[in-house]
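Scroll down for the structure; my scribbles are underneath it.
The values are calculated or read from the model by the stated rules, or taken from the named source; none is laboratory data. What you see is a predicted model; the values in this text were computed from it and never measured. All Cβ positions, glycine included, derive from the backbone under ideal geometry; neighbour counts span all protein chains shown. Accessible surface is based on the protein model in full, side chains and every heavy atom, while ligands, DNA and RNA are left aside. Shrake-Rupley method; radii C 1.70, N 1.55, O 1.52, S 1.80 Å.
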Amino acid sequence: MKKTKEISGAELEVMQILWKNNRPMKVQDVCDELENNKWEYRTVATLLIRMREKGAVECVKKQKVNYYTPVLDKESYTKSQTKTFIQKLYNGSVKDLAVSLFKSEEMSKEDIEEIRKMFDL
């Protein structure tokens, strides 16, 4: 996969809809999936055009209608963003991230128990 430019938060919301549906989608299809019809049709169309220019989606025109599909792989993107996040906020230390999560009181006892089981602790 070629290096994709950073996508914005708004573009990520659109990308998540494309990933979730896993099929070519028209602009209106994406609009219909947005919570509370968050953006106008033109806004979503502009976001998709930008994402195509960045190499995150591809566009195929069928009978004068554009259909968009993700090129950016969700798992690869998530891993890359997680790595960047840890590098920026925790100086690359996954351990410091984990300690921060445990101390934040955002994790329930059930969450902690589930993590213990996952790592066989």
- A careful count of residues in the stretch 97-114 that are under 27 Å from Ser8 (Cβ atoms) and either open to solvent by less than 100 Å² (accessible area, probe 1.4 Å) or touching a Lys or Arg at 6+ places or on another chain (Cβ under 6 Å) (or both) gives 4
- Query: Which pairs have Cβ atoms under 6 Å, sit 6 or more apart or on different chains, and link a residue in the stretch 70-84 that is open to solvent by 60 Å² or more (accessible area, probe 1.4 Å) to one that is part of a helix (DSSP H, G or I)?
  - Reply: Lys74/Trp19
- Message: When you check Gln16 against the structure, is it within 30 Å of Leu101 (Cα to Cα), at pLDDT 90 or above and polar (S, T, N, Q), yes or no?
- Response: yes
- Among (1) open to solvent by less than 50 Å² (accessible area, probe 1.4 Å); (2) without any contact (Cβ under 8 Å) to a residue 12 or more places away in the chain, which single condition is Asp32 missing? (1)
- Item | Odd one out for Tyr67 among (1) out of contact with any helix residue (DSSP H, G or I) (no Cβ under 8 Å at 6 or more places or on another chain); (2) in a strand (DSSP E or B); (3) closer than 12 Å to Met15 by Cα | (3)
- Message: Among the numbered criteria (1) closer than 30 Å to Leu101 by Cα; (2) touching a Ser or Thr at 6+ places or on another chain (Cβ under 8 Å), which one does Lys88 miss?
- Response: (2)
- Residue hits (the stretch 85-96; in a loop (DSSP other than H, G, I, E, B) and open to solvent by less than 90 Å² (accessible area, probe 1.4 Å)) are Gly92, Ser93
